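Accompanying notes for the structure given below.
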Amino acid sequence: MTATVEHAPATGRPRRPASAARIIARRMLTLPLVLFAVAALTFGLIAISPYDANSAYTGITGSISAQTREQINVAWGPDGSTLEQFGSWLGNIAHGDLGNFRLLAGQPVAGEIAERALPSLVLVLTALVLVLVGGLVFGVLAAAFRDSPLDWAVRTFSYYGTAAPSFWVGLLLLYVFSLQLGWLPSGGSVDVRAADGGFIDPVHLILPAVTLAITQQAWFTLYVRDTMLEVLRDDHVRFAEASGVRRVAVLTRHALPNALIPFITLTGTHLSELIGGAVLAETVFGWPGIGRLTVEAALAVDIPLLVAITLAGSVLVVLGNLVADLLYRVADPRIREGAT
Amino acid sequence: MTTLAPAPPRFARLREVATRPTSVLIAGGVLAALVLAALGADLLRPADGIALDRVLAPPSLEHPFGTDETGRDVLALSLRAMRVSFAISLLAASVALLIGVTIGVLAGTLGGWVDGLLMRIVDFFGSQNHFLFAILLVVLFRPVLGAAAAVCLSVGLSHWLVLARIVRGELLSLRERPFVAAAVGGGASRARLVVRHFLPHLGPSVAVAMVLLLPHAIFHESALSFLGLGLPPHQASLGNLIAAGQRSMLAGAWWISVFPGLLILAACVAFGTLGEYWRDRHQPRWRGELEL
């Protein structure tokens, strides 16, 4: 961020700037609260639903060994009151024991989620970068050439991108670029023919990330466009224009930094949307991430695994908001200078 | 009551319609056509059953959307699926309406700690991913409610936040209006205030919110069905059709998945355009909350 940004004097009592330590402390304090709320909500739903851990593991035949029943009782709490069950369930979660998972057949869930989380994180962050770069470029261009065909095209594309089902967009891209043109692989995260494909092949990342970006870019592109239009009317921008600063410099150095400050918070809140979109994109392209694990768990009615994923998602959202708060502090000089 | 304003000129209503932006007129036309086609699916395109002599036929005059891998007409399937999608989305949006208005009215009328608590709950739900939540709900309640009702419940329970916020916001400003003070002075109870004075005023903003909620409901319903977590194949919605066409697509038959998706896109854009136009004209204060 350049030092040319000027701000109007703050009106009213100046807010006490939050130091980085305070921001981290505040978010970390909300983390257990959020997790408790998510756990309580999911447990409540499970309690009123017909789902029964014992019958879910035994199936229709009803044959179950005493040892397995014991394990289930340990995981889900003894046959006591609902509140007692919730207490013991919560205690297990706090110890990192999230229950039995049919799907994983006894593998530790933390390891499996961590293993699946990495590809998802790569996918979501790549899509986020695409959204931010694309939104920045096209949002600024649309604002600079307001009401031009370009502006119209950007707005229309954003609107239709929001309205189109992401899994359908993914299928279209897959059909065109993978099946017809043969430019890109159709699924998976690595080339299975390669002896040692490594972890993630960037070529495999393109289609899922672009799918996610196309259907999620509208909020940012339109946000940049609208804010730029507003900032371009500001006094300091008009002064810069009047004093003969080149148009490109006006846009990028005087208008853009001011337009960008609140977007960091928006990115934090949109992270959860991206995670939801990843479920569909990962399913279409067979991406081995959390999203596909979610669908696998849902199809297998593996409730403990679904709950574990929900909790992991909540942790991610809280952490995303924490990062956004910290970045916000870096980006906004009013907060930064006040703190040092 | 006498009105002093002059009577509106004849055809004023017609002129008002004719001067609407072209996009709004087109959206209205498209939506009307889609709804009529969905309702009249049996007349327009009777279900033709399996015909193995025309398997995976590309789009033609006889079969504008082509045929699927058992030779069924994709247009006929799509119209029926669209009817299912519309019906489920309407029901899901009604569930959201019921929950959202109840929470919003409670928060806006009772105020104080109830308001604080309910708004914290709304914020909490807003920070979580509503699609994961919808998946969990549908998995938990499908065995007891059946697929269709579970999808309605799941989409409704994950989409009421906007309605709650809007209803609460409307009530906060309504409460300050003189006619409310007059009603309270006249001895109206809280329940009477809500039923006679608050709810009628909520109509317009709630209606706009409902129109803009429908595309979300359509999308979420079709996404759940696409993943195999929504409706069963014999009640196929547009999402089921797209999923069913996925395999044929690998064999080069793109039309089974593409056309149902286009119908979703058209319906969502039409609902969005109409809803946002209506919002800008009558409820501009909810611009930030109500979007496609």
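The values are calculated or read from the model by the stated rules, or taken from the named source; none is laboratory data. These numbers come from a predicted model, not from an experiment. Counting neighbours? That spans all protein chains shown, and the Cβs are built from the backbone with ideal geometry, glycine included.
Please state which one of B:I99, B:I50 is closer than 21 Å to B:G156 by Cα and out of contact with any strand residue (DSSP E or B) (no Cβ under 8 Å at 6 or more places or on another chain). Unique residue meeting the criteria: B:I99. In segment B:118-145, the residue that is surrounded by the most Cβ atoms within 10 Å (Cβ to Cβ) out of those that are more than 12 Å from chain A (Cβ to nearest Cβ) and out of contact with any Lys or Arg (no Cβ under 7 Å at 6 or more places or on another chain) is B:L118. Among the residues of segment A:267-312, those that are facing chain B (nearest Cβ under 8 Å), over 25 Å from A:G135 (Cα atoms) and assigned to a helix (DSSP H, G or I) comprise A:T283, A:T294, A:V295, A:A298, A:L299, A:I303, A:L306, A:V307, A:I309, A:T310.
Consider B:V180 carefully, then state whether it is away from chain A (no Cβ under 13 Å), more than 27 Å from B:A217 (Cα to Cα) and in a helix (DSSP H, G or I).
yes
Remark: B:L231 matches the filter, which requires a residue to be more than 9 Å from chain A (Cβ to nearest Cβ), over 13 Å from the mean Cα position of the chain (by Cα) and farther than 16 Å from A:Y160 by Cα. Of the helices (runs of 4 or more DSSP H) lying entirely inside segment B:30-142, those carrying at least 1 residues that are in contact with a helix residue (DSSP H, G or I) (Cβ under 8 Å, 6 or more places away or on another chain) and of a type in the set (K, R) are B:74-110.
When A:I261 is tested against (1) over 27 Å from A:I24 (Cα atoms); (2) touching a residue at least 60 places away in the same chain (Cβ under 8 Å), exactly one condition is not met: (1).
A:R253 falls short on exactly one of the conditions (1) within 14 Å of another protein chain (Cβ to nearest Cβ); (2) at pLDDT below 85; (3) assigned to a helix (DSSP H, G or I), and that condition is (1).
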